[in-house]
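A short reminder: the numbers here are calculations on the coordinates, not readings from a lab. Keep in mind that this is a model prediction, so the values were computed, not measured. Cβ sites come from the backbone with ideal geometry, for glycine too, and all protein chains shown count toward neighbours.
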Amino acid sequence: MTEYRAQVDELLADYRRSREQLASVHRELGAVTASASDPDGLLTATVGARGALTGLVISDEAYHRYRPRELADQIVRAAGAATVRALAAAAEVLAPALPAGTDPQAVLFGTADLEAADIAPPKPVAEEDSYEDQNWMVR
């Protein structure tokens, strides 16, 4: 009975350590942010660990320098650059908690256990393969 109890205690201790490590990684991922600016430094986009825009600072000069469409493009570019940085930082936080050989970027994107064929866009249905508007009662 004592040996059984020791095994249970060891399993519980392992579980608690793993749970604390997971909580720590979760807290660190929640704190990941990254920012990027346009080439002239007139706007700065800040994103979280998964690339969600969390802040956007646009100087008054940006409204004079860029036309609306150009300003929108600069915002999109800055947010994209910030996302690349945030995902890299998140991957660094996540990597130590993953099994060896696991791609942290794939885990963050939700594709860790998928093959390229699994995430490829579906092939269009050929006209002759379409069963839409077919009457199955008439021969």
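A few comments on the model shown:
- Estimated FRET transfer efficiency (residue 12, residue 103; beta-carbon r; R0 35 Å; 0.05): 0.70
- Quick note on the chain: its Rg to Rh ratio, both from C-alpha atoms and Rh being the Kirkwood radius, is 1.26.
- Relative contact order, percent, the chain [alpha-carbon distance under 8 Å, six or more residues apart]: 20 percent
- Cα-centre dipole for the stretch 32-129 with unit charges at Cβ (Lys and Arg positive, Asp and Glu negative), debye to 20: 480 debye
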